[in-house]
1. Take residue A:45, project a point 7 Å from its Cα along the Cβ direction, then tell me which residues of the stretch A:17-33 have their backbone nitrogen under 20 Å from it.
2. How about residue A:85: which lysines have a C-alpha closer than 24 Å to its C-alpha, ignoring those fewer than 8 places off in the same chain?
3. Size of the dipole of the stretch B:309-388 about the Cα centre, Lys and Arg at +1 and Asp and Glu at -1 on the beta carbon, nothing else charged, in debye to 20?
4. Note down the net charge around residue B:349, summing +1 for each Lys or Arg and -1 for each Asp or Glu among other residues with Cβ under 13 Å from its Cβ.
5. Enumerate the calculated ³J(HN,Hα) couplings along the stretch A:375-388 in order (Karplus 6.51 cos²θ - 1.76 cosθ + 1.60, θ = phi - 60°), each rounded to whole Hz, writing x wherever the residue is Gly or Pro.
6. Hey, for a label at residue B:155 modelled as a point 7 Å past Cα toward Cβ, could you say which residues of the stretch B:118-142 have their backbone N under 18 Å away?
7. Return the average number of partner chain Cβ atoms within 10 angstrom of each residue Cβ along peptide A:217-228.
8. Give the percent of DSSP beta bridges with both residues in the protein assembly as shown that are antiparallel, rounded to the nearest 5.
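Just so it is clear, none of the values below were taken in a lab; they were calculated from the coordinates. Fair warning: this is a prediction, and the values are worked out from it, not measured in the lab. Here the Cβ positions follow ideal geometry from the backbone for every residue, glycine too, while neighbour counts run over all protein chains shown.
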There are 2 protein chains.
Amino acid sequence: MNNFVYDVPVKVYFGENQLSNLGNELIKYGKKVLLTYGGGSIKKIGLYDKIVNELEKFGLELFELSGIEPNPRIESVREGAKICKEQNIDVLLAVGGGSTIDATKYIAAGACVDFDPWDFFSKWAPIEKALPIVTILTLSAAGSEMDSGGVISNLETKDKIGRLSPYLLPKVSFLDPTLTYTVSPYQTACGSVDMMAHIMEVYFNIEKDFYMLDCFMEGMMKTIIKYTPIAMKEPENYEARANLMWTSSWAINGFVNGGKKQEWSCHPMEHELSAIYDITHGLGLALLIPRWLEYCLDETTVSKYYQFGVNVFDIDKNLEQMEVAKESIKRLSKFFFNTLGLDSTFTKVGIKQEDFEIMAQKACSNGTIKGFKTLNKEDIIKIFEMCL
Amino acid sequence: MNNFVYDVPVKVYFGENQLSNLGNELIKYGKKVLLTYGGGSIKKIGLYDKIVNELEKFGLELFELSGIEPNPRIESVREGAKICKEQNIDVLLAVGGGSTIDATKYIAAGACVDFDPWDFFSKWAPIEKALPIVTILTLSAAGSEMDSGGVISNLETKDKIGRLSPYLLPKVSFLDPTLTYTVSPYQTACGSVDMMAHIMEVYFNIEKDFYMLDCFMEGMMKTIIKYTPIAMKEPENYEARANLMWTSSWAINGFVNGGKKQEWSCHPMEHELSAIYDITHGLGLALLIPRWLEYCLDETTVSKYYQFGVNVFDIDKNLEQMEVAKESIKRLSKFFFNTLGLDSTFTKVGIKQEDFEIMAQKACSNGTIKGFKTLNKEDIIKIFEMCL
């Protein structure tokens with residue numbers, strides 16, 4: 001067990017109609033607010049008007065950046081940072097899912113530097129400061145509302161790169177499950193796979209486990225498996241939406257790591273898929289995870305699969321370890337491809353073999369991914385082939 | 001499901017040899033540090049010298065209040081507050097278990113007011129400010145290192161009263177599992193019962209459950225059941241001590257509540273036992289919990305016991321609900337009184353029937369305890385009788 005520092009000072013307002021606290025929280029940081037969001041859905045569901053109303057009550061001055069893309073692009077970051085500098089913005093209000101919040105984090109950091117924000121990714125330029133960020137979450141998935149990371153795409157260079165910094169942690173996040181009622185079944189499914197992946201990348205790991213945290217991770221995976229189909233069938237089921245929403249935050253805010261040294265496997269592979277094909281992140285992960293698990297299964301790793309199968313899928317604990325392990329992968333595939341109805345092969349979503357080489361190369365830019373099993377370029381190509 | 005605010009901005013250094021960060025953290029708040037601790041054990045294990053050494057490196061000025069009692073008393077709080085005022089203390093460093101940290105919280109608040117600190121409890125005087133607190137934990141039990149509450153005893157008035165305030169939340173806590181290596185098997189057991197009680201008071205509740213948080217609570221209970229006997233037999237088992245320590249913090253930092261309106265049942269009853277008999281808090285709780293569960297079990301509550309029995313004690317889920325419920329209470333009693341070896345009756349620890357009336361009266365000072373089941377004075381007396 002390794003030492004660690006737990007430091008997640010994000011204040012969360014959880015539940016319906018908590019926006020009466022929004023003005024109060026924003027005004028702590030100043031008067032000029034840059035509201036960032038994606039498409040027009042926040043106007044359709046009436047959220048935009050509520051926000052404007054709350055800001056007016058406190059005499060806050062509103063600026064806007066809309067149109068932030070899924071797999072958010074560096075162009076949006078540049079544009080946001082420019083507005084912040086020109087208008088002397090005091091605080092950022094990100095309204096949306098992980099894409100909007102991720103972009104807003106780098107807008108907040110970009111506002112405090114003189115160089116191009118892409119340097120944060122291409123040159124690993126230091127992040128030493130950022131404007132304060134408040135978020136209103138409308139999609140349960142990325143966990144960006146309570147973590148310190150973000151992933152930005154550059155279509156020009158075909159890069160999609162993630163990075164962490166404590167300065168990017170939101171100050172306050174509003175988690176209202178009713179704001180996810182309009183999320184489509186497909187996006188709900190993809191969001192849940194993303195959460196599942198955040199947990200599994202930590203859970204499936206060769207380092208010594210922290211039992212209590214493994215229990216928490218198993219609890220979150222059970223929560224996702226229980227409530228995703230309910231939320232897909234009954235979009236306005238509060239209990240389902242609330243459980244998924246709170247899981248999205250805790251899956252990736254650092255709590256479950258407990259000092260585990262880790263390098264993630266499926267995320268870097270998936271980032272290459274969506275960098276080239278611009279597919280939904282969760283769909284890419286669903287395609288990769290079961291094949292990655294299959295590829296990594298052997299006598300040295302089987303005990304973890306056994307634990308997963310018994311504790312998450314309630315598979316008979318008296319069966320042979322290897323039998324439980326294989327069954328657990330089957331159940332997971334069934335969950336992704338049958339219960340959630342996601343496409344099950346690269347072929348179905350149009351990912352072509354001719355790109356495997358370059359995607360595999362980029363996924364292990366340091367030579368190997370040192371995750372649950374160390375993967376080199378050839379390993380990654382084999383996993384891609386299993387997805388065909 | 002009710003709305004809630006999650007706001008636990010405590011920074012935690014978890015693991016061995018993290019004290020090199022102590023000076024750094026303290027000096028953020030000023031130069032004058034009041035070190036508070038209980039008996040001499042922190043000197044015996046060499047911790048005192050390490051602390052003094054770290055403070056010297058940063059030129060911090062050290063003041064001391066030692067001798068804080070188990071079930072800490074208002075006299076210690078008064079004395080500490082006096083030192084803070086006279087010496088213009090900037091920051092408090094509490095080193096110990098829940099008792100020392102609880103007392104330190106009210107010293108921190110008492111230092112900022114002109115009235116007697118007992119007024120916080122007897123008159124519910126407002127807590128509007130407190131000096132900053134840093135803690136070094138040496139006992140896994142109360143969870144005071146990451147929560148906003150504390151319980152203080154007044155032997156004169158035979159009162160033991162707890163209270164919460166966000167101002168009392170520590171800024172930083174150091175959780176080093178090796179500092180609990182010298183905790184005796186008996187104190188280890190009592191600490192674990194305390195944690196178990198913190199979870200069970202929330203878990204056994206008639207309000208609608210938050211599934212994900214129920215999973216977390218079940219995980220923590222399984223952690224306590226798995227690791228307490230190991231820590232008792234192998235006091236220097238790092239994994240066991242680490243799991244118990246991190247569980248102590250998360251059992252009661254507010255996270256698992258998830259908006260549940262709640263009134264605790266066993267804690268107010270136990271406070272009356274230890275107010276009169278000065279027994280260890282965890283022992284009192286172990287005596288009460290199984291009888292309280294037995295008393296509250298009926299057709300309206302049985303499903304929660306079933307969930308507990310299946311998920312925490314792995315009892316066969318195909319049995320009748322009521323059978324699982326009764327078996328779960330048996331398993332819990334066996335854990336407390338056999339595995340942990342705690343005294344199983346009031347008679348054994350010297351608690352007398354003649355005090356039941358007054359203790360029951362005080363435990364439900366508002367007329368009833370509105371917990372899992374509403375309990376009036378007569379109910380409480382019956383539970384006490386079951387403990388004989």
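1. A:17-23
2. Straight-line reach from residue A:85, under 24 Å: A:28, A:31, A:32, A:105, A:123, A:129, A:171.
3. Working: 12 positive and 12 negative charges, 32 e Å.
Here the stretch B:309-388 has a charge dipole of around 160 debye.
4. Values: positive: B:348, B:352; negative: B:270, B:278, B:343, B:355.
Summing Lys/Arg as +1 and Asp/Glu as -1 gives -2.
5. Per residue, the Karplus-derived 3J(HN,Hα) values read 10, 9, 4, 5, 4, 5, 4, 4, 5, 4, 5, 5, 8, 4 Hz.
6. Under 18 Å, as judged by backbone N against the label point of residue B:155, lie B:118 of the stretch B:118-142.
7. Values: counts 2, 3, 11, 4, 1, 4, 7, 1, 0, 3, 2, 0.
Per-residue shielding by partner chains comes out at 3.
8. Numbers: 24 of 71 bridges.
Once the DSSP bridges in the protein assembly as shown are tallied, antiparallel ones form about 35 percent.
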